[in-house]
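Everything below concerns the one structure shown next.
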C-alpha cells in the first residue's frame, strides 16, 4: 500500500482518511486493522497524519443555531397577537390547560 496522505476525520482521532493509489478510504483507529498498521509504518517513515480541522459552518447551520427555540418563536407570535384567530385560540387552549405556576416572592 502506497499512502500519499492521511488525516484524522474527527476530534477523537477515531478514524483516519488516507489516499493510497489514488483511492480515498477511511480507516478506523484499530491497531488490529492491517490498513491502520500500514499507516503506522508510513508515519515511522517520517510522514505525518494531518490533524482534524472542524469544517466551517454554512449560513444554514449558523442560522439554525442562532434562531430562538421554536417554542419561544411561537410564544413571540402569540404575544404579538399574530398568527390568526385559530392560532391564538389553539395556543390559549394549551396555556389554559397547563397554566404557568405563580412565581414565589
message = Restricting to segment 1-35, and then to whatever is over 23 Å from the mean Cα position of the chain (by Cα) and in contact (Cβ under 8 Å) with a residue 24 or more places away in the chain, can you tell me which residue is nearest to residue 49 (Cα to Cα)?
response = 5
Helices (runs of 4 or more DSSP H) completely within the chain that count 1 or more residues being in contact with a helix residue (DSSP H, G or I) (Cβ under 7 Å, 6 or more places away or on another chain) and surrounded by 10 or more Cβ atoms within 10 Å (Cβ to Cβ) = 70-79, 84-97
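Computed from the coordinates by the stated procedures, all read-outs in this text should not be read as laboratory data. Note that the structure is a prediction, hence the values are computed from the model and not measured. Using ideal geometry, Cβ is built from the backbone for each residue, glycine included, and neighbour counts are taken over all protein chains shown.
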